[in-house]
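A.B. asks: Please find one structure pasted underneath; my questions will follow.
Values quoted throughout were computed directly from the atomic coordinates according to the rules given, and no laboratory measurement underlies them. Fair warning: this is a prediction, and the values are worked out from it, not measured in the lab. Cβ placement follows ideal geometry from the backbone for every residue including glycine, while neighbour counts extend to all protein chains displayed.
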Amino acid sequence: MPAESRRRFIIDTDTASDDAVAIIMAIQHPQVSVEALSIVSGNVPLPQASINARYTLTICDADIPVYEGCVGPMQRTAAHAEWFHGPDGMGDMNYPSPKFDARDEHAVDALIRHFSNSPQEIDLITLGPLTNIARVLEREPQFAEWVRHCYVMGGAACTVGNVTPAAEYNIWCDPEAARLVFHSGMPITMIGWELSRGNATLSDQEIQSIRAINTDRAHFAMDCNEHALRAVREIQGEAGLALADPVAMAVALDERVCTHRSDHFVDISCDTDLTRGMTVVDQLNVTRKPPNATVCWSLDSSYWKNMLFSALS
């Protein structure tokens, strides 16, 4: 497809193992042009997230600028997820150093520049805490109008959290940032972590089928998630590999993957440790506030897995 006909993506990511797979899916999609990666602290500290993103681009032989952003949340102490992804975020596979450096421009400045130059033309996909995006909105509230659509991998819609009983990790890391983004007026689709559970997980047989594709991308995608697979089984009780970021990317790439969605007012709890980062979905419209997000409730698991296999082939 000609470049001018492709959808334009910018991906904001705290790149660890599942982010890497999501990035590959976007780069390999024939109808998408990934124009930049903006890096945020989250799963791993910012410098490591940048290294992981740039190594992923090297695997894909992709010439895409990488911009490093915020080193920690707006108000909270940074809390990384090495316990899930391994100390380097990539399962401690000892990958070589990336072949290129990040750009000098700060991610917040780069996001403002890209979107202001092409208002309503670029989709924003967020795979980590929303700190970079909130800082952009603090400086340029009009940014919310420049984004064509924002797909947020984050939250848990009326269901269990994965870092506390109430909250999903990305939103919990920086709830103040998430609240600012959800209240900004930006068109948002929320893809909660729960969509990656159950039938959406990759079974041992499916993991072996991906390895049998025998491309560098396929081996990389499974190798870097070995640590995450153990964590998913031991901590979350899933039988297979849950890949929240790639599931969210699948929805961003083709919304038909989401089989049930509805519009609601979504707020973020910032007030107590008990519910910090909880995505409060007004499913019954009891607040009478206008919807600010489209919430995805269910997934076509076969469709999402076919998209993954295609990207890794």
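A.B. asks: I need Leu284, Leu308, Leu124 ordered by Cβ neighbour count within 10 Å, fewest first.
C.D. replies: Fewest-to-most ranking of Leu284, Leu308, Leu124: Leu284, Leu308, Leu124.
A.B. asks: Let me ask something else. Rounded, prolate or oblate for the range 41-115? Axes are the square roots of the Cα gyration tensor eigenvalues, ordered a ≥ b ≥ c, and the cut-off for rounded is a/c under 1.5.
C.D. replies: Oblate is the answer for the range 41-115, as a/c is 1.5 or above yet b/c matches or exceeds a/b.
A.B. asks: Also: What's the ranking of 67-75, 298-306 by average number of surrounding C-beta atoms within 10 Å, highest first?
C.D. replies: For the peptides 67-75, 298-306, the packing ranking is 67-75, 298-306.
A.B. asks: Considering only DSSP beta bridges where both residues belong to the range 3-312, give the percentage that are antiparallel (nearest 5). Each step should come with its number before you reach the end.
C.D. replies: Working: 10 of 36 bridges.
Of those bridges, close to 30 percent are antiparallel.
A.B. asks: Let me ask something additional. Put +1 on the Cβ of each Lys and Arg and -1 on the Cβ of each Asp and Glu in the range 3-312; which of Ala228, Asn285, His149 then has its Cα farthest toward the positive end of the dipole?
C.D. replies: It is Asn285.
A.B. asks: Taking amide H positions as placed 1.01 Å from N in the peptide plane, with prolines and chain starts having none, which residues 5 or more places from Val163, or on another chain, fall under 5 Å of its amide H?
C.D. replies: Counting only residues 5 or more places away or on other chains, the set is Tyr169.
A.B. asks: Turning to a different aspect of this structure: Checking the a/c ratio against 1.5 first, then a/b against b/c, what shape does the Cα gyration tensor give for the range 1-140?
C.D. replies: Oblate is the answer for the range 1-140, as a/c is 1.5 or above yet b/c matches or exceeds a/b.
A.B. asks: Can I ask one more? In nm, give the distance between the simple-model label positions of Asp282 and Met93, each being 7 Å from the Cα along the Cα-to-Cβ direction.
C.D. replies: Between Asp282 and Met93, the label points sit 4.4 nm apart.
A.B. asks: OK, next. Using every pair of alpha-carbon atoms in the range 107-146, split the distances into 5 Å bins beginning at 0 and state the percent of pairs per bin, rounded to integers.
C.D. replies: 6, 25, 37, 26, 6
A.B. asks: Identify which of Phe220, Phe265, Phe100 has the largest mean-square fluctuation in a Gaussian network model of the chain, with springs joining Cα atoms closer than 10 Å.
C.D. replies: Phe100
A.B. asks: Sort by residue number and name the cysteines in the chain that have no neighbouring cysteine Cβ under 4.7 Å.
C.D. replies: If one checks each Cβ against the other cysteines of the chain, Cys60, Cys70, Cys150, Cys158, Cys173, Cys224, Cys270 turn up with nothing under 4.7 Å.
A.B. asks: What's the local net charge at Cys158, with K and R +1, D and E -1, over the other residues with C-beta under 11 Å away?
C.D. replies: -2
A.B. asks: With +1 on each Lys and Arg Cβ and -1 on each Asp and Glu Cβ, and nothing else charged, work out how big the dipole of the range 3-312 is about its Cα centre, in Debye to the nearest 20.
C.D. replies: Dipole about the Cα centre, nearest 20: 480 debye.
A.B. asks: Using only the alpha-carbon atoms of the chain, report the extent along each of the three principal axes, biggest first, to the nearest angstrom.
C.D. replies: Here the spans come out as 52, 42, 38 Å, largest first.
A.B. asks: OK, next. Run the dipole for the range 186-309 about the Cα centre, Lys and Arg Cβ at +1, Asp and Glu Cβ at -1, nothing else charged, and hand back the magnitude in debye, nearest 20.
C.D. replies: Values: 11 positive and 17 negative charges, 38 e Å.
I would put it at about 180 debye.
A.B. asks: Could you sort the peptides 44-53, 150-159 by per-residue average Cβ neighbour count (10 Å cutoff), highest mean leading? List each step's numbers first, then the result.
C.D. replies: Numbers: 44-53: 22.4, 150-159: 24.5.
Final packing ranking: 150-159, 44-53.
A.B. asks: With an 8 Å Cα cut-off and a minimum separation of 6 or more residues, compute the relative contact order for the chain in percent. Walk me through the numbers before you get to the answer.
C.D. replies: Numbers: 718 pairs, mean separation 61.4, N = 313.
Relative contact order, the chain: 20 percent.
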